[in-house]
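Just below is one structure, and these are the notes that go with it.
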Amino acid sequence: MKRSHRDEDPDRLYTVTGGRSRPAGDELDLVTLVVSECAPAAGMQKEHVAILRMCRFPTAVVEVAAELRLPVGITRILLGDLLAAGRITARHPRSATSRSALPDPDTLEKLLVGLRRRL
């Protein structure tokens, strides 16, 4: 029978995070996309190596946690370490509520009309 990540040895989790219980910043939420900026280096913590390998393409924080089989909070701490070291980049998907980030509806309509004329 496999153990749930909730049954993870607390001593191991303490060691993995260096005793920290919270990430340094709030920039990483569940849907933040993470991308590796470099290959793993010799002597890196095995969890950091795994993160760098799995994040060659944009990967959500929640996916990283699931793949590592670690709680999201612990994963956010590990990702924060890599982000601070410049080994990963992170960006939050655009929010649909941000109207300034969306293209002008008139421009989109003109584009659609132009495409229809070509077909």
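Looking only at the range 13-21, decide whether some residue is modelled with pLDDT under 80, part of a loop (DSSP other than H, G, I, E, B) and at positive phi. Explain how you work it out, then say what you get.
Going through the range 13-21, the residues modelled with pLDDT under 80 turn out to be 13-21.
Adding the requirement that they be part of a loop (DSSP other than H, G, I, E, B) leaves 17-21.
Now restrict to residues that are at positive phi: 18-19.
The answer is yes; a qualifying residue exists.
Every residue in the range 34-57 that is touching a residue at least 24 places away in the same chain (Cβ under 8 Å), loosely packed, with under 15 Cβ neighbours inside 10 Å and under 11 Å from the mean Cα position of the chain (by Cα), please.
VAL35 - this is the single residue of the range 34-57 that is touching a residue at least 24 places away in the same chain (Cβ under 8 Å), loosely packed, with under 15 Cβ neighbours inside 10 Å and under 11 Å from the mean Cα position of the chain (by Cα).
The values are calculated or read from the model by the stated rules, or taken from the named source; none is laboratory data. The structure displayed is predicted, hence computed values, not measured ones. Backbone-built Cβ (ideal geometry, glycine too); neighbour counts: all protein chains shown.
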